[in-house]
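What follows draws every value from the coordinates through simple rules; no lab data is involved. Keep in mind the model is a prediction, meaning the values are calculated, not measured. Every residue, glycine as well, gets a Cβ built from its backbone with ideal geometry; the counts of neighbours run over all protein chains shown.
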Amino acid sequence: MADFAAVVLAGGRARRLGGVDKVMLPVQGRTLLDRTLDAVPDADPVVVVGPQRPTTSAVRWTTEDPAGGGPLAAVEAGLRLVEGDDGVVAVLAADHPHLTAGTLDRLREVLSSDPRARGAVLAEPGDRAQWLVGVWRLAALRRAMPEAVENRPVRDLFAPLEPHHVPATTAEVSDVDTPADLSRARTRSP
């Protein structure tokens, strides 16, 4: 049973980046995927949802069914490989180059400080939730998971859980969707 687990979404088509395998792009000497895995060193298990690729961390691999079913289907597929309901799980996109273990520690602290809270997510300026940088109680996610998950946004699952919003303190909230984002990530310090 997981006390702290992680589900990392590493699929997608990266259309705005010309269809490259985005999570394998290097940023400051590490792939985006490995940088994300570095942020959850104490998670067990770490489940990566997407095609298998080389990583520097031990992970369990899975894919959503059907493949390409979207981010909510990927979350559901990842949760199937996490046992139990009592722990917490980080749900992360693999394209946040400046995410750190400290970011996840802050989210976990906020969640643990409120026994009624079902989740804590990183918030961009203006208090906009970054749904794929969050920590959630497993039981809450399992109860709230809709039956139909294909091609649905993750906010359909996460927003009704009314998570705490934790303000980003650095570039930790930045993601890579475009060539300009990649360029900024390669030159910016966390």
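Which of 47, 89, 110 moves most in a GNM of the chain, Cα contacts under 10 Å?
110
Among bridges DSSP assigns within the chain, what percent are antiparallel (round to 5)?
Expressed as a percentage, antiparallel bridges in the chain total about 45.
What would the Debye formula give as log10 I(q)/I(0) at q = 0.14, 0.15, 0.17 Å⁻¹ for the alpha-carbon point model of the chain, no solvent?
The computed values of log10 I(q)/I(0) come out as -0.72, -0.83, -1.10.
Find, among the trypsin sites (Lys or Arg not before Pro) in the range 11-102, those assigned to loop by DSSP (not H, G, I, E, B) with at most 16 other beta-carbon atoms within 10 angstrom.
Sites meeting the loop and neighbour criteria: 13, 80.
Taking the simple approach of a point 7 Å from Cα along Cα-to-Cβ for both residue 128 and residue 183, what is their distance in nm?
2.1
Which trypsin sites (Lys or Arg not before Pro) does the range 146-190 hold that lie in a coil by DSSP with at most 15 other beta carbons within 10 Å?
Loop-located and lightly packed - 188.
Taking 8 Å as the Cα distance limit and 6 or more residues as the minimum spacing, I'd like the relative contact order of the range 48-126 as a percentage.
Taking the mean separation of contacting Cα pairs over the length of the range 48-126, I get 17 percent.
Please report the relative contact order for the range 4-187, taking Cα pairs under 8 Å with a sequence separation of at least 6, and give it as a percent rounded to a whole number.
26
Going toward the positive end of the dipole of the range 4-187, with +1 on Lys and Arg Cβ and -1 on Asp and Glu Cβ, which of 26, 57, 146 do you reach last?
26
For the range 124-189, run through the GluC sites (Glu not before Pro) and keep only the ones in DSSP coil with at most 15 other Cβ atoms within 10 Å of their Cβ.
Here the GluC sites (Glu not before Pro) that fit, given the DSSP loop and packing criteria, are 147, 150.
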